[in-house]
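Please read the structure below before turning to the comments.
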Amino acid sequence: MTDPMIVSGSSSDIESLRRQLIAGSIQVQQQLIPQLAVLDNGGLDILMEFLLQRRDLTTTWVDGKAYQALYNSDSPQAKEFLQTHFPEGVVPLKSECGIDYRPLQTLLATQDFQAADRITLQKMCEVAGTEAVKRKWLYFTEVDKFPITDLQTINNLWLVHSEGKFGFSVQREIWLGLGKNWDNLWAKIGWKKGNNWTRYPNEFIWDLNAPKGHLPLSNQLRGVRVIASLFAHPAWTK
């Protein structure tokens, strides 16, 4: 529960929060960002200052959380700030194929993970080419040829907008930690329970209460070849 003294937004409270946000640990920042978001403009001003100070640093999910707080606020000032300084979000939307990742960025910023999962596959099919777009799913051989830049962009969008919980790199790290055991991975990330596969879409968890690595689904219903190719991709070592 948010401290009512903080919600009142006195200048001393806000300045104290500002100092804590800038100097605090990731855990402290994680707690403070939602508190600042519900204050009057003073809290949003701090989040805007925070993002500007960090814009030349490597983007992390803390930046994503601050961006989301501003993006989802009703403040015209916040919207103008984002349009001026972060028109495409906090994750650089780089593509070697001219793919527009702004729709994915928007869905993830609003935490619409189910729609973001669908458009992730759509964008990956666009990268793979016309035939993949027509069939609406990927061959593992197409994943093998996937540009490093595009795969990193998709992965970074998921990481930054999920508090570091979702993304292909997260799934790969869990898989490696389990000795590359697929059955253990499926159970760990919530894709299988006992002998039963998780049914799409209603049995999946489309929010941050999901197990770490639960999303994106990466052709989950089409066997192991695609995700094995994803995990073997050089994007994770460069």
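The values are calculated or read from the model by the stated rules, or taken from the named source; none is laboratory data. This is a predicted model, so every value here is computed, not measured. Heavy atoms of the whole protein, side chains included, go into the accessibility calculation; ligands, DNA and RNA do not. Shrake-Rupley method; radii C 1.70, N 1.55, O 1.52, S 1.80 Å.
When the surface is traced with a 1.4 Å probe over the full set of protein chains, residue 188 keeps roughly 120 Å² accessible.
Centre-to-centre, using Cα atoms only, the range 184-214 and the range 67-132 are separated by 24 Å. In the elastic network of the chain, a GNM with C-alpha springs shorter than 10 Å, the most mobile of 211, 76, 147 is 76.
Going through (1) 0.98; (2) 1.09; (3) 1.47, the figure that equals Cα Rg over 2.2 N^0.38 Å as computed for the structure here is (2). Among 150, 40, 144, the order of accessible area from largest down is 40, 144, 150, computed with a 1.4 Å probe on protein heavy atoms. Computed from Cα atoms, the angle from the helix 61-71 axis to the main principal axis of the chain rounds to 60 degrees. The stretch between residue 11 and residue 84 holds 23.6 nm of extra length on full extension. This uses 0.36 nm per residue minus the Cα-Cα distance. To the nearest ten degrees, helix 11-23 and the longest principal axis of the Cα atoms of the chain are 40 degrees apart.
Ordering 199, 118 by accessible surface, largest first, gives 199, 118; the 1.4 Å probe counts only protein heavy atoms, with every chain in place. Computed from Cα atoms, the angle from the helix 41-54 axis to the main principal axis of the chain rounds to 50 degrees.
Springs between Cα atoms under 10 Å define the GNM used for the chain, and in it the highest mean-square fluctuation of 213, 177, 164 occurs at 177. In terms of accessible area, using a 1.4 Å probe and ignoring ligands and nucleic acids, 163, 88 rank largest first as 88, 163. Rolling a 1.4 Å probe over the protein heavy atoms of the range 122-238, with every protein chain left in place, gives an accessible area that is 48 percent carbon and sulfur.
Estimated at the nearest 10 Å², the accessible area of residue 149 is 40 Å² with a 1.4 Å probe.
Split the accessible area of the range 42-92 by element, probe 1.4 Å, and carbon with sulfur accounts for 49%. Measuring with a 1.4 angstrom probe and ignoring ligands and nucleic acids, residue 96 comes out at about 120 Å² accessible. Is there a pair in 188/212; 145/165; 136/192; 94/238; 134/165 whose C-alpha atoms are over 20 Å apart, and which pairs would that be? From the list (188/212; 145/165; 136/192; 94/238; 134/165), the Cα-Cα distance tops 20 Å for 145/165; 136/192; 134/165. Springs join every pair of Cα atoms under 10 Å in this Gaussian network model of the chain, and among 210, 116, 69 the largest mean-square fluctuation is at 210.
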